[in-house]
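This report concerns only the one structure given below.
Coordinate-derived values only; no laboratory data. All figures in this text were calculated on a predicted structure; none of them were measured in a lab. Please note: Cβ atoms are built from the backbone with ideal geometry, for glycine as well, and neighbour counts cover all protein chains shown.
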Amino acid sequence: HPHGYYGMVEMLRDWMQTLPLTGEDHTVGAASNVKGGTFRLAFVQFSRTDEYWVCKNTNDGCKVSTRGCDQPKPTGTCTDGLLSGDLNELNVDLDWHETNYMKSVTYMAKALEDAVTVFQGSPSHRQHVLIVITDGAMNPKEPQSSTEIPPIRQDLDAMDVITFGVVVRKTAQHTKADLDAEKTLKPITSDPHDDHFVNVPLDDMLEEVFKDFCDPAGRFGAALQAHQQNKGGGATTPPATGATVPCSKWGMKLECRAGQA
């Protein structure tokens with residue numbers, strides 16, 4: 001894709017169209033009582049050192065950490081940065097993120113902190129999944145990187161959040177940039193890190209990361225299945241390689257959050 005950011009957003013949109021969403025809007029929050037193989041999503045954009053951006057329906061159009069934001073309000077109702085299973089709200093979110101591209105270096109501590117808040121709006125009977133997508137290494141000058149991220153990681157673990165990391169690169173060949181990104185993102189993912197992380201060309205992201213997300217034969221699908229079994233969900237027989245099954249096949253109650261760089 002000629003422009004990585006917009007290509008990534010459109011791949012997320014393509015994936016979203018295929019998901020069995022709960023149909024609940026963002027106001028439902030932790031009161032959600034939908035069970036069995038359905039999704040709610042939330043999107044947060046991270047980049048600047050003390051900011052994270054999510055689409056807001058009121059005030060100045062976006063939510064940030066410490067400084068003001070002059071981005072325009074969305075055209076339509078978005079998710080307010082909360083979990084939503086309403087396709088119309090989610091499409092408005094992605095439209096807003098396409099229009100408002102942060103275009104800065106990679107700082108993610110505040111966005112991870114926001115993820116904790118978002119998952120507080122989800123009931124315990126749903127499974128919690130965080131997907132962090134980036135094309136660059138976390139900035140070594142980020143003041144929160146060594147002090148704030150480990151406690152945030154512990155908070156996510158305490159909420160039983162499964163954290164996946166995706167580094168996207170522009171070409172099939174690896175470069176120093178994507179390998180550096182791998183070094184800083186992989187430690188943030190759930191254990192074992194290698195099972196919850198992938199470094200892929202942008203054009204392959206939809207196929208390699210998302211299309212088999214609920215397939216126990218896929219990389220992330222296998223990690224989700226293992227997590228379910230570790231929680232006492234019982235053993236299941238994976239389908240043949242390449243098969244695609246809904247998350248409800250394993251009794252999964254998936255709820256995914258996609259982040260971006």
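When restricted to Cα atoms, the stretch 142-231 yields an Rg and a Dmax of 14.1, 39 Å, respectively.
Looking at the stretch 78-139, which chymotrypsin sites (Phe, Trp or Tyr not before Pro) are DSSP coil and have at most 15 other C-beta atoms within 10 Å of their C-beta? Counting only loop positions with at most 15 other Cβ atoms within 10 Å, the chymotrypsin sites (Phe, Trp or Tyr not before Pro) in the stretch 78-139 are Tyr101.
In terms of its alpha-carbon gyration tensor, the stretch 71-229 comes out rounded; the largest-to-smallest axis ratio a/c stays below the 1.5 threshold.
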